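See structure below.
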Amino acid sequence: MLLLKLAAQDLLTLNNRHRMVPHLAARWRHFRGADASETERSAWAESLVSLATDLVAAGRGNVEMIVECAATLDEADRGVPRLIDVVLVGQHPQERGLSLQLVELKRWSSVTRVEQATAELVRVSGMEEKKHPALQLREYYDAFTSDRGPLHGLDFECGGFTYLHNATDSSVRPLLDVGAPTGSYASLYTSDRRQKLQADLRESFAAEGSAAAAEVLLRGLGLRNTPLLDAMIWSRGDDTVFTLRGRQRKVAEQILDAASHVLPNPLNPALLPDERRVVFLVTGGAGTGKSAIGLQIKAELEAGGRTVKYASGSRAFNGAIQEHVGYGDREFRETFTYFSSFVTPPDPPLDLLICDEAHRLRDRSTSRFWKPEEQGTQPQVDELLDASRLTVFFLDEGQSVRPNEVGTADLIKGAAERRGAQLLEYGLREQFRCGGSDAYVRWVRAVLGISDETADTWKPDGLMHIEVADTPEELEEIIRTEALAGASARMVAGYCWPWTKPIGDDKRLEADVRIGGWHRPWNADSESFCANEAPPSKIWSVHKNGLDQIGCVYTAQGLEWDWCGVILGGDIVRRDDQWVFRRGKERKLPDSHVKRVGKPGSFDPKVKAGSVDDDEFARLVRHAYHVLMTRASRATVLYSTDEETQKYLRKLVGDVEIHGLRPTWRNLPQEARIPHLPRPRGSKRSRRNRGKPGNYEIDLRLF
């Protein structure tokens, strides 16, 4: 976790606009569960600005300042983590590698030695006895550079120092005495030593390259994960490139440990198998790493000879995996399936069934294409439990967007109890989507009224960017510009326009999404390619031509892009300082089966008045936009078709901050510009070549 990541010069800009302290206070309230004190606020305003000013004066204004940072993710997972005041990160001027300085900021003006004590213990004016700050830095340094720290496996130079900008050498003499702690983390600077500090900053950091170095550190901190589909292409299902951190790692270890005790040993099948059944229920919001855990345990257990299936209730998620990642690899594709695939349980049962997006469980497994005897006769959750010895459910109740989705923690607990299965529960909290910005996720939930928090003006954190487009044309221009530059990007919208099936033999797409003179089609309601090589909906999210269509919640859920343009339609509008939720009415064009908007609102047939009441309708619309607004890993662009709602969004988002806060692809450091991979061509590659670039059929720049 961290409160802010920003270059020193940009932090000063943010402070000059009176936005730095309010942002830090909001983040503090989230992580600490209480408001920051006036002492803490004034310390930020004074100490951070002093340090940033010295960096700029030293010609190192591009050095990134990571404020209030946990030394390790294990540390961040604790209830009240200990935080490093500032981590300075940049490029070393001689070694050209990663260079870091851990900084302890103190506003002490004077200290005196405690009688009969060493220099490791001092008395601060107006305070109780304190340890020498270098001792605290030593703890941080040891954790930061340990095998579990964010620098593990990297080449780096790391040191640390204490900065007492209100003090003079003479006023804090005991801290500088011969008996003071020593080490690479034990430097100390006062106002008398500002020139020395600036000279040492120049010795530690090059003038350029800090943004690239910060990206490396953010990946080490778990805040810049490889996108899900890219990670799977690199690994091709045998091992993954995910690095499980903190509670993620603990959950995976527990599942694998249970598997080693409960599942029969494939190397010694004659051994008496354990008949126990175990159910894991792992809850967590969008982007907390549920799928990463699932893919990791899938790979490890498959490598050990276990039978494993990965099930989901999302057609878009499964389609993207099967058609994009598993292209040409039938064996790999068949390990991914749907919740409805287990009406008849496998015999023998699977060793492991991973149920991702369990909030999308249905009451029964049914289909209008199935014969009566093929329809499910018992709750779908029971079918899943019957299908395997070890079952893992990944659940986020906040992502339920259809009225027939019944997946809840209570449902799964009840089913496990009926089966006499042992139930183990875990909760995930760390945020790995939306650039690792849990502040952004909380902001979205507050804006939509999903949480009880007040929706305040967005305060940039250097991890996630938001802006409001004036027109749909501007939104599309931003998204296309980023996609053509090399980022992954898509446009999505609320289900607020009719959705026409492909027309004629050439399967032409009707431009259903119409805002003034701007007209675009929905993603194709088709199993095959349509006119102008428009991809079918199941791979709209990953095919280069998907940029020409608009996606909805059903084709975007579970996926992510660098940039996402979100159009809020007439189903959610702001009136009298509250949200109003509306159902739309359609009108049919003369002599045509094409329909247009008659009355603005929702056109989703799954939430029509005969299906759900008004309260449930409002809940589902809120959840749908929560999904759409959390698909981006770097930037979200918003636009509402309703003028009053557009004004409300502009008020909440505020002015677009350009300096250091708008992550356009061309402005990102090279380390952050990781090309997104198209699907591999041809048959399954050998294990020896997996994780290496191959021949691809789609332009890398367009992903």
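The values are calculated or read from the model by the stated rules, or taken from the named source; none is laboratory data. Predicted, not measured: the structure shown is a model, and the values here were computed from it. All Cβ positions, even for glycine, are placed from backbone atoms using ideal geometry, and neighbour counts span all protein chains on display. For accessibility, only protein heavy atoms count, side chains too; no ligands or nucleic acids. Shrake-Rupley method; radii C 1.70, N 1.55, O 1.52, S 1.80 Å.
Note on the range 558-639: Kirkwood radius taken over Cα pairs, Stokes-Einstein applied at 37 °C and 0.692 mPa s, translational D equal to 229 µm² s⁻¹.
Take Trp518: with every protein chain present and a 1.4 Å probe, its accessible area is about 10 Å². Straight-distance candidates among the lysines for linking to Lys507, with alpha-carbon spacing under 30 Å and chain neighbours fewer than 8 residues away dropped: Lys371, Lys538, Lys544, Lys585, Lys588, Lys595, Lys599, Lys606, Lys608.
The Cα atoms of the range 443-504 cover 50, 31, 21 Å along the three principal axes, with the biggest extent listed first. For the range 487-601, report the % of Cα-Cα distances exceeding 24 Å. Taking all Cα-Cα pairs of the range 487-601, the fraction more than 24 Å apart is 29 percent.
Taking the Cβ-Cβ separation of Asp655 and Ala511 as r and a Förster radius of 30 Å, what is the calculated FRET efficiency to the nearest 0.05?
Here the calculated transfer efficiency is 0.35.
As a ratio to 2.2 N^0.38 Å, the alpha-carbon radius of gyration computed for the range 169-217 takes the value 1.50.
Stretching Ser191 away from Arg148 to a fully extended chain increases their span by 11.9 nm, per 0.36 nm per residue minus the current alpha-carbon distance.
Taking a ≥ b ≥ c as the square roots of the eigenvalues of the Cα gyration tensor, an a/c ratio of 1.5 or more together with a/b no larger than b/c marks the range 334-416 as oblate. Rounded to the nearest 0.05, the FRET efficiency derived from the C-beta distance between Asp591 and Thr457 at R0 = 51 Å is 0.55. When you count the other C-beta atoms within 10 angstrom of each residue and take the mean per peptide, 167-178, 303-314 line up highest first as 303-314, 167-178.
For Thr39 and Thr344, what is the calculated FRET efficiency with R₀ set at 60 Å and r taken between the beta-carbons, to the nearest 0.05?
It comes out at approximately 0.40.
Ranked by the mean number of other Cβ atoms within 10 Å per residue, highest first, peptides 375-386, 53-64 order as 53-64, 375-386. Counting every pair of alpha carbons in the range 85-164, the share spaced more than 18 Å apart comes to 51 percent.
For the range 127-139, backbone phi angles converted through the Karplus equation (6.51, -1.76, 1.60; θ = phi - 60°) give residue-by-residue couplings of 9, 7, 4, 10, 6, 4, x, 5, 5, 5, 4, 4, 4 Hz, Gly and Pro being listed as x.
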